[in-house]
Structures are given as structure tokens and as C-alpha cells.
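The values are calculated or read from the model by the stated rules, or taken from the named source; none is laboratory data. Because the structure is predicted, anything quoted here is derived from the model rather than measured. Neighbour counts are summed over all protein chains in view; Cβ atoms, including those assigned to glycine, are modelled from backbone coordinates with ideal geometry. Protein only, heavy atoms only, side chains kept; ligands, DNA and RNA dropped before computing areas. Shrake-Rupley method; radii C 1.70, N 1.55, O 1.52, S 1.80 Å.
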Amino acid sequence: MCKMHYGFALTTGRQPSVFSNCLACGALIDLRVGRKPGTVLINKPRLCSDCLRRRPRARWCMTPKQLAERDGATCSICTQPVDLSLRWPEPLSASVDHRIPRSRGGLDVPLNVALAHLACNVSKGIRAPA
């Protein structure tokens, strides 16, 4: 058991859960798969293998240009204007931000995506909005 989970067990008097429910279908999943016995994967996407396979990869439902037309050309994180003429890897270039990150079970649907600066999107990481 790692230091963090050992501390958790000492302070609460109980073991951390190694099982979780899939965020998409609700199936019970074991978070220890593929690791040493007793370790818990904190950053593992909480989706079962079937839902992970069904998720589309690298194909966005909307392009940054379509998002700019829909929402106006402003960053959804810092609310500053986004210059669509800039290209990756320019920090102020346009990128697709998932409001609920895909790694946390967010879907690639128009309601879950917004326009953001590349730097703002990278600094946000996998945090969901407050």
C-alpha cells in the first residue's frame, strides 16, 4: 500500500475502495487491474473496458471554427478573444475544451465542448469546472 493510502487507512480506520462503478454504464470495475496486488489506481479513467473501447478517439464532434461560430470567438476558460488564424503549438491558438474531461467520463457531444486557448486548456488539465 502506498503512503497516501496507508495514511488514509490509519486516519479513517478503513481500507480505500479498490472497486468503482463505470461512469457510463454502471458496471463494477476493479481499479487494481494490471498492477501489483494492493495498489489503487487514482488517475485511471473510471470506465469499464467495453465503454473504453466504444469511446471514439481523436475525432471531435465540432471543430474550433464551428465552436467559434456557435459561442463567439472567446475562450471559455479565461474569456479573452481567441485568434483562429494561429496554429498549434502557439499557446493562444484555438483548441477544443471538454467541460467534463473525457478521462472523467465526459462525452464528445456539442453540449460538453467549448472553445479555449491551448494554454488555458492545458493548464486546466483534467479538472472539471467548479
Exercise. Would a scan of region 75-94 turn up a residue that is part of a loop (DSSP other than H, G, I, E, B), touching a Gly at 6+ places or on another chain (Cβ under 8 Å) and of a type outside the set (K, R)?
Worked result: no
Exercise. If we scan region 88-96, do we find a residue that is among the β-branched types (V, I, T) and closer than 21 Å to L52 by Cβ?
Worked result: yes
Exercise. Within region 71-92, is there a residue that is modelled with pLDDT under 85 and open to solvent by less than 70 Å² (accessible area, probe 1.4 Å)?
Worked result: no
For this session: Select from region 110-127 the residues that are open to solvent by 60 Å² or more (accessible area, probe 1.4 Å) and within 14 Å of the chain's Cα centre (by Cα) and list them in ascending order.
Result: V122, S123, I126, R127
